[in-house]
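Take a look at the structure below.
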Amino acid sequence: MKKDEIAIVDDEPINLMILKKLLSPSFLIRAYKSGAELLDSVKKGIQPDLILMDIIMPGMDGYETLSELRKDPDNQGIPVIYITALDSLIDEEKGFYLGAVDYITKPFRPGIVLARVNAHLELKHARDRLKNQNEWLEAEVKRRMVENQLIQDTTLNVFAELVETRDNDTANHVMRTQNYVRIIAERLQKHKRFENHLNAEVIERIVKAAPLHDIGKIGIPDAILLKPGKLNNEEYEVMKNHCKIGGNAIRLAINKTLSGNQAENKMGEVTALSFLEEAEKIMNYHHERWDGKGYPEELYGDEIPLSARIMALADVFDALTTVRPYKKAWRVDAVVDYILEQKGLQFDPDVVEAFEAEVGSFIQVMSQGQPRE
């Protein structure tokens, strides 16, 4: 079993000799005649488990030595015991203030020194074990967070694959609109109105939820979803149901998960579900209009969740710039003009301004057809 290493710092050779003789049977001893010698040794990587140090020494005294030692965070956990002829309460208080763990006055009794050394080494080892356990727990939490992230991402990919089996064009639409949503959200983050709400975490949640916006189309009959021509009024009413089909499915899944994890709920919100709650908002309301003439609930202005307002513009831009069975693709300049005309009508004015500032980024995503990092 490896011996604990003790550093003894004293300018008096007789004191070094006595302490070394007392402690060497049980510990590995390193003796230093000054605080400067100790600090040089520690800087070279020789870190003791405990330090016994005199206070009154020529040059750098024990107080200054300890103060310098503690400047390095790696040395914060080394217990320092003063062994000194100074016996006033003021001196003792100063030592504790600087970070010493104990204070023994000379002449010292060998039994007292051994008892104090063993006690403080045991405390240090306990702290080290606790630190190691905490580091392991932190690593385990990070590992599980990564695992949960992978599960969430896999779930999104599964949903995207399900959509693709029904409508290949919709799958490509999912990838593009996710990028458009990120572009707008990151631009809005710079806006004074949204700077306190749209932090990086919220943006990632919105972007992650965006691919689910049309998942409700899985519940739409093929005859309507894949119809090569324009939908009639009755078919259009059925198609409009995809918002609530998707939103209700997500809400049901969230409620079932929460009811099955009551113990976790009492401890606070299950944050792993937060992106699904964002997805529910997007699914339900991405066809609402700023002027209150949208569907399914005819929400008006800020009643519409911000994520859905962003998705609404991204969705329309992509729909107009791509070929559909029932229409040709619009020219980009015509789509831009249309969106600007719909400022304050179909779309949130601030979202339109963010889009206008990022038209170039939209065109880049269109041309590349790849996810925007």
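The values are calculated or read from the model by the stated rules, or taken from the named source; none is laboratory data. Remember, it's a predicted structure, so these values are computed and weren't measured experimentally. Note that we place each Cβ from the backbone using ideal geometry, even for glycine, and neighbour counts take in every protein chain shown.
Out of everything in segment 5-35 that is touching a residue at least 12 places away in the same chain (Cβ under 8 Å) and assigned to a loop (DSSP other than H, G, I, E, B), what residue ends up being surrounded by the most Cβ atoms within 10 Å (Cβ to Cβ)? Out of the qualifying residues, it is Asp10. If you go through segment 295-322 and pick out every residue that is over 21 Å from Leu198 (Cβ atoms) and touching a residue at least 40 places away in the same chain (Cβ under 8 Å), you end up with 6.
When Lys2 is tested against the conditions (1) farther than 20 Å from Ala115 by Cα; (2) without any contact (Cβ under 8 Å) to a residue 24 or more places away in the chain, the lone failure is (1).
Across segment 179-197, the qualifying residues are those that are in contact (Cβ under 8 Å) with a residue 40 or more places away in the chain and part of a loop (DSSP other than H, G, I, E, B), and the one among them that is surrounded by the fewest Cβ atoms within 10 Å (Cβ to Cβ) is Arg193. Among all positions in segment 53-67, there is no residue which is modelled with pLDDT under 90 and touching a helix residue (DSSP H, G or I) at 6+ places or on another chain (Cβ under 6 Å). Scanning segment 169-186 for residues that are under 25 Å from the mean Cα position of the chain (by Cα) and modelled with pLDDT under 90 yields a single hit, Met175.
Under the condition of being part of a helix (DSSP H, G or I) and closer than 20 Å to Arg205 by Cα, the residues counted in segment 282-310 number 11. Filtering segment 50-90 to residues that are farther than 17 Å from Lys106 by Cβ, touching a strand residue (DSSP E or B) at 6+ places or on another chain (Cβ under 7 Å) and surrounded by fewer than 21 Cβ atoms within 10 Å (Cβ to Cβ) leaves only Ile78.
Counting residues in segment 232-244 that are at pLDDT below 95 and surrounded by 19 or more Cβ atoms within 10 Å (Cβ to Cβ) gives one or more.
Somewhere in segment 91-101, is a residue among the hydroxyl-bearing types (Ser, Thr, Tyr) and touching an Asp or Glu at 6+ places or on another chain (Cβ under 6 Å)? No, there is no match, as no residue in segment 91-101 is among the hydroxyl-bearing types (Ser, Thr, Tyr) and touching an Asp or Glu at 6+ places or on another chain (Cβ under 6 Å). Confirm whether Lys94 is assigned by TED's automatic domain parsing to the domain that holds Lys124 and more than 18 Å from Asp10 (Cα to Cα). In short, yes.
Here segment 332-360 is the region considered, the condition is being loosely packed, with under 14 Cβ neighbours inside 10 Å and not in a helix (DSSP H, G or I), and the residue that is nearest to the chain's Cα centre (by Cα) is Gly344.
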